[in-house]
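Below is one structure, written out as structure tokens; comments come after it.
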Amino acid sequence: MPHVGQSISTIIFTALIALSIALALGTATFILTLIALIFAPLESELGRTGAGRWARAFSEIGMAWLIGDAAISHVLPPLDSALLAVLFAMTYRGLLSVGTRPQLGVTIANVAQIALIVFLATRGAVINAVILALALGAQALWQAVMREGQQDTVAFLGRVQWFVLLAMVVAALGVPH
């Protein structure tokens, strides 16, 4: 994301490099990267709260998931992968709010992960769903520690991020490509 004081030439140069690499990875990757670059300024326009956090989550996690899928498969991601991208973007959106509104942030992240577990179970990836349920259980324990005031939100996010990354890998393995 552009920062105050960053020159427009640096932004354009970085975007051209990203598009060049995406083109080398295939047409689908190029199209998704172009969409991501078009929507990238949306976060700064919408602000750092509310809609800005949703834009950030979908651009940083959702689009990254879709671009990664397209880079591996060389086609536009299927609906299953798009749904996973949305659910992980929602999880990230919840975690973005933990610092300012912990209850709301934890609720959004938990609902998204429960939906992810249900989705994987209905797709027949029961073992993957069980692993995600165990990871969510571990997160719930850290949430309880945070609610009791024994841990600040920064430490909570540092511990929980590993469970979310594990969930991303396990979910990717649970959906056929």
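Touching a residue at least 40 places away in the same chain (Cβ under 8 Å) and farther than 30 Å from F30 by Cβ: which single residue out of G124, G94, G99 fits that description? After ruling out the rest, the residue left standing is G99.
What are the residues in the stretch 105-121 that are at pLDDT below 95 and over 17 Å from the mean Cα position of the chain (by Cα), if any? None - no residue of the stretch 105-121 is at pLDDT below 95 and over 17 Å from the mean Cα position of the chain (by Cα), so the list stays empty.
V75 falls short on exactly one of the conditions (1) without any contact (Cβ under 8 Å) to a residue 24 or more places away in the chain; (2) of a type in the set (V, I, T); (3) within 25 Å of F30 (Cα to Cα), and that condition is (1). In the stretch 143-165, the residues that are more than 21 Å from M90 (Cα to Cα) form Cβ pairs under 7 Å with partners that are in a helix (DSSP H, G or I), at six or more places apart or across chains, as follows: Q151/V145.
Quick one: is D80 under 27 Å from A24 (Cβ atoms) and either among the β-branched types (V, I, T) or surrounded by fewer than 21 Cβ atoms within 10 Å (Cβ to Cβ) (or both)? Criteria met by D80. If I ask for residues that are surrounded by fewer than 16 Cβ atoms within 10 Å (Cβ to Cβ) and within 14 Å of V175 (Cα to Cα), which ones from the stretch 57-77 would you list? Residues satisfying the conditions are I72, S73. Yes or no: the stretch 37-44 includes at least one residue that is at pLDDT below 90, assigned to a loop (DSSP other than H, G, I, E, B) and more than 30 Å from L173 (Cα to Cα). Checked against the condition, which is being at pLDDT below 90, assigned to a loop (DSSP other than H, G, I, E, B) and more than 30 Å from L173 (Cα to Cα), the stretch 37-44 yields at least one hit.
The values are calculated or read from the model by the stated rules, or taken from the named source; none is laboratory data. Please read these numbers as outputs of a predicted model, since none were measured by experiment. Cβ atoms come from the backbone with ideal geometry, glycine included; neighbour counts cover every protein chain shown.
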